[in-house]
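The values are calculated or read from the model by the stated rules, or taken from the named source; none is laboratory data. Small disclaimer: the values here were computed from a predicted structure and weren't measured. As a convention, Cβ positions derive from the backbone with ideal geometry for all residues, glycine included, and neighbour counts pool all protein chains shown. When the accessible area is computed, the model is the full protein with side chains, heavy atoms only, and any ligands, DNA or RNA have been set aside. Shrake-Rupley method; radii C 1.70, N 1.55, O 1.52, S 1.80 Å.
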Amino acid sequence: DKGGLGRRHGTKQTTRKKTTTKEQNHHRIEKRMKPNTWATPDFSYYLSRRDIEEKLRKLETDYASIVRVNYVKKSSSSSANENATSSYSVVIPVVTINADGKFDDESGAGREKTRLFYDFGEHGREIITVDTAFRFMELLVKAVKGEGDNDNIDAFSMQKATNDRDSFLESIKQTTFTIIPIENVNGRALVEDSKKFCERKNGRGVDVNRNFPVNFGVKEKDYDPNEEFPGPYAMSEPESKVLEKLFKDVKPHAWVNVHSGMEAIFTPYDHKNVEPEGEFPDLARNIAEQINQMHCGKRCVTGSGGKGVGYLAHGTVTDYAFDVMKVPAAFTWEIYGDTQAHYDDCFAMFNPVTREKHDEVIEAWAGAGLSLAHLMRAHPAVEERKDQRSGSPRAALSDAEEEKPVTKTTVSSGNNDDHYQSLRGAGQIRGDARLRGSKINRKGHARSQMFGARDQDIDAGKYLILVSIFTFLYFLARRQFRAVKRYRTTRRNRDKATV
């Protein structure tokens, strides 16, 4: 799913009296669909929920000096369903990895580090993303401890951002990793226990990746509540509130939301067909292109989600991270997708069905997570450390390739099919659109305009004040107009009586 922007491709309805272009596109996709294989996860190599719990315990026990696992519990007294009255609770594991073992940040020393925030398993059906998270964490802690696998595979050999081992290890040591290995714990239970392999929403039917206050609640013409119900109001879900608090506490330099459904590396925006301008967005797109080349074989769609996925998604976490929480580099990674899978064959659509492909995907994208840690050292938002054994951090971007002037990135795809369709709908890739009335600063964020308005995101309190002022002026003008009209009528009648 595109950053959880994802929906399934195809349609169940193909016969109507009048056929639109979009329906013709849907029908064309259905002709290319594979038969339904009714694929299910093989837990001899996929991680079950019990495996996940055991791995978290083992991770914290074996690497206690550098790993902290916190189980964040959050409840909501309100219900997403108007007819329901019971509260809804979640317990989300949050893993923090610090190579120096310093987790108390009262001195502020940790703020000199690169801070990366990774989120996996936001949609229950995307099981492959959770397996990728644990492979990523395994490589990370072994890199810190100088360990390797039995076949001599280590984190340095998995990343492709630099050929300098010491420089890479220094990047790991100078980074704080905050990782949610499985966000949608309750939704995953529905997939695994109830065999609902098409379920992407949380335990009470809300798509958390539509629940954030950036264009929240806007519904496109092809809106499907079974796929992307945003909830009764923005930030209604406990999962959303956990993420909000972590954004405020961690203050990450980069955010990575990992999904499956296609192969893509998206940057903002998801809710409109534009790419933000400025130094920070340009650097993020440059990093995305490098990871595409190093770990995706140039197959990944890149650019903004609103352009690349073929439809607009409103209320996403990545737009919230960039536009509200001001995260300098915000990404949505789509790590796997079978675009020809049957509409109802959801496990095969979002997850590899063979051990070989499963291992290939998690190795490639765990390596991408490691490469990002090195590439982000060059980002200007990261404070330069005083003691740099490996030289200037700006050399990081040039380790993998010669540093080039950053130019505006266009949407690219390794797919030669002119009718490329994502898994979230059969919409055509949309054309460019201009950002209306917004002034952009170097970070790519729209500067505050009158009353703090930023494109479509308006502060509710200031908006009410504005409406009140205009309402008052309207009634005042109407009162004056009526008074003048009465005066003229009275004078006209008096003049007639005099005559």
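Every condition in (1) assigned to a loop (DSSP other than H, G, I, E, B); (2) in contact (Cβ under 8 Å) with a residue 24 or more places away in the chain; (3) over 13 Å from the mean Cα position of the chain (by Cα) is met by TYR223 except one, and the failing one is (2). For the structure I just gave you, tell me whether THR339 is within 30 Å of SER44 (Cβ to Cβ) and free of Cβ contacts under 8 Å to residues at least 24 places away in the same chain. So THR339 does not fit the description; no.
Failed condition for ASN81, given (1) within 30 Å of MET349 (Cα to Cα); (2) open to solvent by 60 Å² or more (accessible area, probe 1.4 Å); (3) of a type outside the set (Gly, Ala, Ser); (4) at pLDDT 85 or above, with all others met? If we test ASN81 against (1) within 30 Å of MET349 (Cα to Cα); (2) open to solvent by 60 Å² or more (accessible area, probe 1.4 Å); (3) of a type outside the set (Gly, Ala, Ser); (4) at pLDDT 85 or above, just (4) comes out false.
Determine whether ALA234 is open to solvent by less than 20 Å² (accessible area, probe 1.4 Å), touching a residue at least 60 places away in the same chain (Cβ under 8 Å) and of a type in the set (A, V, I, L, M). So ALA234 fails the test. Applying the condition of being touching a Phe, Trp or Tyr at 6+ places or on another chain (Cβ under 6 Å) and at pLDDT 95 or above to segment 132-161 and asking which residue is nearest to THR61 (Cα to Cα) yields ALA133. The residue that is surrounded by the most Cβ atoms within 10 Å (Cβ to Cβ), among those in segment 318-333 that are part of a loop (DSSP other than H, G, I, E, B) and not β-branched (Val, Ile, Thr), is PRO328. All of (1) at positive phi; (2) in contact with a Cys (Cβ under 8 Å, 6 or more places away or on another chain) hold for ASN292 with one exception: (1).
Can we say ASP166 is open to solvent by 60 Å² or more (accessible area, probe 1.4 Å) and in contact with a Ser or Thr (Cβ under 8 Å, 6 or more places away or on another chain)? Give the derivation first.
Numbers: open to solvent by 60 Å² or more (accessible area, probe 1.4 Å): yes; in contact with a Ser or Thr (Cβ under 8 Å, 6 or more places away or on another chain): yes.
So ASP166 fits the description; yes.
Looking at GLU30, is it in a helix (DSSP H, G or I) and modelled with pLDDT under 95?
Values: in a helix (DSSP H, G or I): yes; modelled with pLDDT under 95: yes.
Answer is yes for this residue.
Table: residues versus (1) small (Gly, Ala, Ser); (2) open to solvent by 10 Å² or more (accessible area, probe 1.4 Å); (3) over 16 Å from the mean Cα position of the chain (by Cα).
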{"residue": "THR267", "(1), (2), (3)": "no, no, no"}
{"residue": "GLU289", "(1), (2), (3)": "no, yes, yes"}
{"residue": "GLY308", "(1), (2), (3)": "yes, no, no"}
{"residue": "THR316", "(1), (2), (3)": "no, no, no"}
{"residue": "ILE335", "(1), (2), (3)": "no, no, no"}
{"residue": "ALA366", "(1), (2), (3)": "yes, no, yes"}
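Taking segment 281-314 as the range and being part of a helix (DSSP H, G or I) and among the small types (Gly, Ala, Ser) as the test, the residues that pass are ALA284, ALA288, GLY305, GLY306, GLY308. Filtered by the rule that a residue be touching a helix residue (DSSP H, G or I) at 6+ places or on another chain (Cβ under 8 Å), closer than 24 Å to VAL250 by Cβ and of a type in the set (A, V, I, L, M), segment 314-350 gives VAL317, ALA321, MET325, VAL327, ALA329, ALA330, ILE335. Within segment 105-121, the only residue that satisfies the criterion of being farther than 24 Å from GLU356 by Cα, modelled with pLDDT of 85 or more and assigned to a loop (DSSP other than H, G, I, E, B) is LYS113. Could you check segment 250-265 and list, in sequence order, the residues that are among the aliphatic types (A, V, I, L, M), touching a Phe, Trp or Tyr at 6+ places or on another chain (Cβ under 7 Å), farther than 19 Å from ALA378 by Cβ and not in a helix (DSSP H, G or I)? Of everything in segment 250-265, just one residue is among the aliphatic types (A, V, I, L, M), touching a Phe, Trp or Tyr at 6+ places or on another chain (Cβ under 7 Å), farther than 19 Å from ALA378 by Cβ and not in a helix (DSSP H, G or I), namely VAL258.
Annotation for segment 309-331: no member residue is of a type in the set (S, T, N, Q) and over 18 Å from HIS123 (Cα atoms).
Which residue pairs have Cβ atoms closer than 7 Å, lie 6 or more positions apart in sequence or on different chains, and pair a first residue in segment 266-280 that is touching a residue at least 24 places away in the same chain (Cβ under 8 Å) and in a loop (DSSP other than H, G, I, E, B) with a second residue that is aliphatic (A, V, I, L, M) and open to solvent by less than 20 Å² (accessible area, probe 1.4 Å)? From segment 266-280, the pairs are PRO268/ALA330; ASP270/LEU5; ASP270/ALA313; HIS271/VAL214; HIS271/ALA313.
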